[in-house]
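Shown next, in structure tokens, is the structure this report addresses.
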Amino acid sequence: MRFLFLPLLFVFNTYIGLAQSFTSYLIGSEADVNATTLPGTVLAGGAGDSDAAMIWMLERAGGGDVVVLRASGTDGYNNYFFEDLGVSVNSVETIVFNTAEAAEDDYVIQQIENAECLFIAGGDQWDYISYWKDSGVEAALNYLINTKGVTIGGTSAGMAIQGDAYFSAENGTVYSDESLMDPYNEYLTIGYNDFLQNEVLNNTITDTHFDNPDRKGRLTAFMARLLIDDGIMPFAIASEEFVAVCIDENNIARVFGEFPDYDDYAYFVQLNYCNENLAPEVCEEGVSLTWLQEGAALKVLKVAGDVNGTGSFNLNDRSIVEGSTFSWEDWSVNEGVLQVVENSEPLECDSVSTSVEIEDNIEIQCYPNPVYNTLLVKHNFSDMVTWSITDISGRQILFGSSSDANFLIEMQMLSSGIYIFRLANDKQHFVRTIEKK
């Protein structure tokens, strides 16, 4: 029987920050230790915590110090992390931010930088954004992610703020129906590339509590806004309640939950780059969103989470799923109404087209990706090929043909952003997304 986590509290030490800008609850040793850590990311959907996912996170701390950050509540995670899960750590310290001033406090910043594992509790994500953005805490968190290499976890609001893009909740929450009826409504507030810098979550937005209430519609609107406003190829990771996605140092995402006892799923959502045109047909202020693209604007991988985290998804190429129950869905929107097609075909066009029989010896490469100036294309088609580069709206920017096995495409004149590269002969074609820096 699953339940919300409400542990008994046992505190060794409580510290009230200057002028009560923060409160600290410490259990374990006050002495800092140096431990060997593993980098990683934990994205938990809220409600109860997956013990297996939390154990996975703590084991990566190497017996070091664990810091929990929150802007409400007290020390509910201290005993749970320090004793209940059976993983030996030096200490667990919960720091509760009472005001924004704590984000510049020397003690707070030092404790974060000394952590071998850090976890951000649930609450109101606008508290975290408004308190931490452009502060010493933001710098300390990015230091842990990118320099020290520790695992950063979070649940609910603590998951919602971890992406390169994030729903800020500056004006309160936003619901699926109002997001689809007007993707520019006052409650749909999004930040992008201005807070936490975790490379595996580049161009990624997260969403939580994905089954209660249903949030598929608002996530679709988030992605439409990111594509239109920021010109990126957005990706999304969403967790149902009681589900956690754990991403290791190799960028392999494992899904933890209690499937098959419960219908516990994580969702990996990406644009259907097989389409000629990626952009919504209608995405304007005060107008219902329409994003059809032949009924498959978004391709969604739905992965079941079990207690062993056997379901995994490779975020390096966002294509390989292994070891669990999973299925693909197609999402689209027609005049503000979300349409979901279950058990659809997988997204497979980032290779030679499967519309005809593929020759086993076909090899195609295009690099570097991202590209700054010149894209090198190599292929072993035996005949003349045509190529094109289009923007995300489907507008053709560059095109040409070649009988050479290797040729160059000059892209230095293009603006930074995401483009679609296509290579074809009279029988087969190849599609790949290219990022221009």
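Values quoted throughout were computed directly from the atomic coordinates according to the rules given, and no laboratory measurement underlies them. Fair warning: this is a prediction, and the values are worked out from it, not measured in the lab. All Cβ positions, even for glycine, are placed from backbone atoms using ideal geometry, and neighbour counts span all protein chains on display.
Calculated from the alpha-carbon coordinates, region 364-436 shows an Rg and a Dmax of 11.5, 33 Å respectively.
Rounded to the nearest 500, the 222 nm mean residue ellipticity of the chain from helices alone is -3500 deg cm²/dmol, with -39,500 (n - 2.57) taken per DSSP H run of at least 4 residues.
Lys-Lys pairs in the chain that are eight or more residues apart or on separate chains and whose Cα atoms lie under 26 Å of each other come to 10. If the chain linking Glu348 and Asp230 were pulled fully straight, counting 0.36 nm for each residue of separation and taking away their Cα-Cα distance, it would gain 39.9 nm.
The Gln412 and Asp134 beta-carbon pair, evaluated with R₀ = 35 Å, returns a calculated FRET efficiency of approximately 0.60. For Asn334, nonlocal amide neighbours, meaning residues 5 or more places apart or on other chains whose placed amide H falls under 5 Å from its own, are Trp291, Gln339. Each label point was placed 7 Å from the Cα along the Cα-to-Cβ direction; for Tyr143 and Val341 their separation is 5.1 nm.
Under a 5 Å amide H cut-off, with hydrogens placed 1.01 Å from N, Cys117 pairs with Asp65, Val67 among residues at least 5 apart or on other chains.
Would you please calculate the Kirkwood hydrodynamic radius of region 67-195 over all C-alpha pairs and express it in Å, rounded to one decimal?
15.5
Between His429 and Ser353, the built amide H atoms are under 5 Å apart, and every one of these is 5 or more places off in sequence or on another chain. Between Tyr175 and Gln110, the contour length at 0.36 nm per residue exceeds the Cα-Cα span by 19.6 nm.
Modelled spin labels at Ser319 and Tyr184, positioned 7 Å past Cα toward Cβ, are 3.7 nm from each other. For region 131-267, rounded, prolate or oblate, judged on the Cα gyration tensor with a ≥ b ≥ c (square roots of eigenvalues), a/c < 1.5 rounded, else prolate if a/b > b/c? Verdict is oblate for region 131-267. For the peptides 120-127, 169-176, residues were scored by their other Cβ atoms within 10 Å and the scores averaged per peptide; the highest-first order is 120-127, 169-176. May I ask for log10 I(q)/I(0) of the chain at q = 0.06, 0.11, 0.13 Å⁻¹, from a Debye sum over the Cα atoms as equal point scatterers with solvent left out? Taken in order of the listed q values, log10 I(q)/I(0) reads -0.27, -0.87, -1.14. Spatial offset of region 73-128 relative to region 374-437 amounts to 48 Å, using the alpha carbon center of each.
Placing a pseudo-label 7 Å from each Cα along the Cα-to-Cβ vector at Asn425 and Asn369 gives an inter-label distance of 2.0 nm. Between the beta carbons of Asp194 and Glu249, assuming R0 = 30 Å, the FRET efficiency works out to 0.75 to the nearest 0.05.
Among Lys133, Lys299, the order by Cβ neighbours within 10 angstrom, fewest to most, reads Lys133, Lys299.
Loop-resident GluC sites (Glu not before Pro) (DSSP state other than H, G, I, E or B) in region 234-315 with no more than 16 further Cβ atoms inside 10 Å of their Cβ: Glu249, Glu276, Glu281, Glu284, Glu285, Glu294. Derived scalar couplings between HN and Hα for region 319-334 equal 9, 9, 10, 9, x, 7, 6, 8, 8, 9, 10, 10, 10, 8, 9, 10 Hz in order, rounded to whole Hz, by the Karplus curve 6.51 cos²θ - 1.76 cosθ + 1.60 (θ = phi - 60°), x for Gly and Pro. Think of region 112-183 as a dipole: +1 on every Lys or Arg Cβ, -1 on every Asp or Glu Cβ, centred on the Cα centre; then among Trp126, Gly172, Ser156, Ser156 lies furthest on the positive end. Legend: helices of the chain (whole DSSP H runs) are marked when their alpha-carbon atoms reach 20 angstrom or more along the helix axis and their mean Kyte-Doolittle hydropathy is at least 0.0; marked are 216-230.
The relative contact order of the chain comes to 12 percent, based on Cα pairs under 8 Å that sit 6 or more residues apart.
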